[in-house]
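**Student:** Sharing a structure with you now.
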Amino acid sequence: MSCESPSSAKKFNLERASNFMRQFRDPDSRELKKLSANQFMEVWSHYDRDGNGYIEGTELDGFLREFVSSANFTDISPDAVSDSMLVELKACFMEAYDDNQDGKIDIRELAQLLPMEENFLLLFRFDNPLESSVEFMKIWREYDTDGSGYIEADELKNFLRDLLKEAKKINDVSEDKLIEYTDTMLQVFDSNKDGRLQLSEMAKLLPVKENFLCRQVFKGATKLTKDDIERVFSLYDRDNNGSIENEELRGFLKDLLELVKKDYDAQDLLEFEETILQGVEYSSEGKISRKQLTMILLALAKHNQEEEVSTP
């Protein structure tokens, strides 16, 4: 694992001038204090310096150095954490907190590390990810009440209120606190800073257990079997009526779209739907059958296989 060079570490430290994490520790015990929603956002924004939604590379090195050195009773410099210590520390830290093993820390992973207000922490839904994108699309339709294709601040507030109701915590949260939570969630997940959440941004707030289409079997490494097709069909045909339609279809297309596009909105999904469904014998009723699903998945596997071959 490569570590920060002494020169970049020096630059990192000069920019800071002091250890940002020390203010969040108890001066007597050096334990981390419970962070409010706003304080958590401060920490996140401070270390995600390029605003790309991850703490990674030199950002992660800087965070780890400051996180560890801030626990000392004397105000030592983050540079006191040597490069060799950092390598070992990073390995242990990532094993414990990098849930998806992508080598970087996202907002939900940081939320597991830092002590936070219990009610705010609930909104990250660690223990209850959605079963599939079908459930995600149902929630999207329910809260995009004006049908704009975005979740605006008032719609997000309603969503967070209902989450806290579901957890029987709404009585612990004042209206002002709910507004603070809404503002913080918007700051955290609104990547393009337009004051609302598009589909891909809401998908980070409401994660799905797994995008089934990311599995190796769909990447052209092996031939698709009848069982593979059946598994995918049953995953999206939630009402078992023999066709994929409405939110089931939107959920399937959202998972497909995520394979080719990181940032997407409702309009992208609509255009993608038109493109994908033009290639199959698509009924005007807005449904796809097993046969049509098979055609789409075979085309996906073939496309992935061709990409692997063309990639040097």
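**Student:** Go ahead and collect, in residue order, the members of region 66-105 whose backbone nitrogen is under 17 Å from a label point 7 Å along the Cα-Cβ direction of Ser18.
**Tutor:** 66-67, 69-79
**Student:** Still on this structure, I have one more. Given DSSP loops and a limit of at most 11 other Cβ atoms within 10 Å, what is the longest stretch of the chain that contains no such GluC sites (Glu not before Pro)? Let's see the in-between values first.
**Tutor:** Values: sites that count: Glu31, Glu281, Glu285.
It runs 32-280.
**Student:** Also, I was wondering about something else. If I model a spin label as a point 7 Å beyond the Cα along the Cα-Cβ vector, how far apart are those points for Ala91 and Glu175 in nm?
**Tutor:** 5.5 nm
**Student:** While we're on this one: DSSP loop (so not H, G, I, E, B), at most 10 other Cβ within 10 Å: list which trypsin sites (Lys or Arg not before Pro) in region 147-194 pass both filters.
**Tutor:** Those satisfying the criteria are Lys168, Lys193.
**Student:** Here's something else I'd like to know. Specify the residue with the greatest mean-square fluctuation among Ala37, Ala96, Ala153, computed from a Gaussian network of the chain linking alpha-carbon atoms under 10 Å apart.
**Tutor:** Looking only at Ala37, Ala96, Ala153, the biggest GNM fluctuation is shown by Ala96.
**Student:** For Lys168 and Phe73 in the same chain, what is the full-extension length gain: residue separation times 0.36 nm, less their Cα-Cα distance, in nm?
**Tutor:** On the way: separation 95, 0.36 × 95 = 34.20 nm, distance 3.94 nm.
The span from Lys168 to Phe73 would gain 30.3 nm if fully extended.
**Student:** When ligands, DNA and RNA are left out and all protein chains stay put, how many square angstrom of accessible area per residue does region 192-271 have with a 1.4 Å probe?
**Tutor:** About 48 Å² of surface per residue is accessible.
**Student:** Could you tell me which of Asn38, Ala80, Ser69 has its Cα farthest along the dipole of region 29-88 towards the positive end, charges placed at Cβ (Lys, Arg +1; Asp, Glu -1), taken about the Cα centre?
**Tutor:** Final value for the positive-end residue is Asn38.
**Student:** Follow-up. For region 23-84, just say rounded, prolate or oblate: build the C-alpha gyration tensor, square-root its eigenvalues into a ≥ b ≥ c, call rounded for a/c under 1.5, and beyond that prolate if a/b exceeds b/c, oblate if not.
**Tutor:** oblate
**Student:** Within region 38-115, list the chymotrypsin sites (Phe, Trp or Tyr not before Pro) lying in a DSSP loop whose Cβ has at most 13 other Cβ atoms in a 10 Å radius. Mind showing how you got there, number by number?
**Tutor:** On the way: sites: Phe40, Trp44, Tyr47, Tyr54, Phe63, Phe67, Phe73, Phe93, Tyr97; in loops: Tyr54, Phe73.
The qualifying sites are Phe73.
**Student:** For region 54-210, rounded, prolate or oblate, judged on the Cα gyration tensor with a ≥ b ≥ c (square roots of eigenvalues), a/c < 1.5 rounded, else prolate if a/b > b/c?
**Tutor:** Cα axes put region 54-210 in the prolate bin.
**Student:** Treat each spin label as a single point 7 Å out from the Cα along the C-beta direction, and report the Ser234 to Gln187 distance in nm.
**Tutor:** 4.6 nm
**Student:** Let me ask something else. Just from its helices, what would the mean residue ellipticity at 222 nm be for the chain, if runs of 4 or more DSSP H residues each count -39500 (n - 2.57) and the sum is divided by every residue, rounded to the nearest 500 deg cm²/dmol?
**Tutor:** Helix-only estimate at 222 nm: -16500 deg cm²/dmol.
**Student:** OK, next. Is region 60-131 rounded, prolate or oblate when judged by the Cα gyration tensor, a ≥ b ≥ c being the square roots of its eigenvalues, rounded requiring a/c under 1.5 and prolate requiring a/b larger than b/c? Write out the running numbers ahead of the final one.
**Tutor:** Working: a/c = 3.62, a/b = 1.68, b/c = 2.16.
Oblate shape, in that a/c is at least 1.5 and b/c is the bigger or equal ratio.
**Student:** Identify which of the listed values of Cα extents along the principal axes in Å was calculated from the structure shown: (i) 64, 38, 35; (ii) 94, 58, 45; (iii) 70, 54, 31.
**Tutor:** Given (i) 64, 38, 35; (ii) 94, 58, 45; (iii) 70, 54, 31, the calculated one carries the label (iii).
**Student:** Could you sort out which of Lys138/Lys226; Lys34/Lys254; Lys33/Lys138 sit more than 32 Å apart by Cα distance in this structure?
**Tutor:** From the list (Lys138/Lys226; Lys34/Lys254; Lys33/Lys138), the Cα-Cα distance tops 32 Å for Lys34/Lys254; Lys33/Lys138.
**Student:** Still on this structure, I have one more. Setting aside same-chain residues fewer than 8 positions from Lys168, which aspartates and glutamates have a Cα under 13 Å from its Cα?
**Tutor:** Within the straight-line limit of under 13 Å, Lys168 reaches these aspartates and glutamates: Glu118.
The values are calculated or read from the model by the stated rules, or taken from the named source; none is laboratory data. Because the structure is predicted, anything quoted here is derived from the model rather than measured. No Cβ is skipped: glycine too gets one built from the backbone with ideal geometry, and neighbour counts run over all protein chains shown. When the accessible area is computed, the model is the full protein with side chains, heavy atoms only, and any ligands, DNA or RNA have been set aside. Shrake-Rupley method; radii C 1.70, N 1.55, O 1.52, S 1.80 Å.
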